[in-house]
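Below: one structure, written as structure tokens.
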Amino acid sequence: MDFILEVADHFVLDNLYAKIVPAAAFLPPPTINGTVWERSPWQHLVSHLPHPPFPYDVYRGNPEPFFSPVSAWPRDYIPRQCLSLIIATLVGVHLLYFLFSTFSYYFIFDHAMMKHPRFLKNQVRQEIAMSLRSFPVMMLLTLPWFEGEVLGYSKLYDNVDEYGWAWFFLSIPAYVHFFNFVIRR
């Protein structure tokens, strides 16, 4: 999930957070040529949100962050990570659900079953509605696991030489199931 979060941050979420929670909302307004620039109403509203400690001294006398799109929430800020994971999870689960359910409905599902007397009038619509209502609950159940993985609490590793090739192949669940199946026979 950290790879997906990195890609989403790079292409979409950095710009989104720079517009929603701009760093300029938390900086003192700059004075340029004797004119004090005022915050916009949105920046004034956002300035009451929690944010990590901001390095005010770095920007003292430099008005550039006040006018450039920089977010006050850095990528390693946990509330931003959680919100980003929520967005990525919900977008991903909707894409997967509608892609595969549409494929299954048109190419696998037997449409003659819809003429059966026990088939409800709006059954397909009800099934879609039930799935859409369950996505936020599933997202909340998976969010702690995704956040833990992003924070580095998983047993994933980048270097195979760290634990060896045997651990690499045995740590993949498909291989474990395969070996369990072979051993039981």
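Just to verify a result, which residue in the range 68-95, among those that are part of a loop (DSSP other than H, G, I, E, B) and in contact with a strand residue (DSSP E or B) (Cβ under 8 Å, 6 or more places away or on another chain), is modelled with the highest pLDDT? Out of the qualifying residues, it is 72. For residue 149, the conditions (1) on the phi > 0 side of the Ramachandran plot; (2) surrounded by 11 or more Cβ atoms within 10 Å (Cβ to Cβ) are fulfilled apart from (1).
Rundown of residues vs (1) under 24 Å from the mean Cα position of the chain (by Cα); (2) among the hydrophobic types (A, V, I, L, M, F, W, C); (3) assigned to a strand (DSSP E or B); (4) modelled with pLDDT of 65 or more, yes/no style:
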position	(1), (2), (3), (4)
4	yes, yes, no, yes
7	yes, yes, no, yes
19	yes, no, no, yes
24	no, yes, no, yes
27	no, yes, no, yes
38	no, no, no, yes
50	yes, no, no, yes
53	yes, no, no, yes
58	no, yes, no, no
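Yes/no matrix, rows are residues, columns are (1) modelled with pLDDT of 95 or more; (2) part of a helix (DSSP H, G or I); (3) over 13 Å from the mean Cα position of the chain (by Cα):
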residue: 97; (1), (2), (3): yes, yes, yes
residue: 106; (1), (2), (3): no, yes, yes
residue: 121; (1), (2), (3): no, no, yes
residue: 127; (1), (2), (3): no, yes, yes
residue: 146; (1), (2), (3): no, yes, no
residue: 157; (1), (2), (3): no, no, yes
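The values are calculated or read from the model by the stated rules, or taken from the named source; none is laboratory data. Every value quoted in this text rests on a predicted model; they were computed, and no experiment measured them. When we count neighbours, we look across all protein chains shown, and the Cβ atoms used for this are built from the backbone with ideal geometry, even at glycine.
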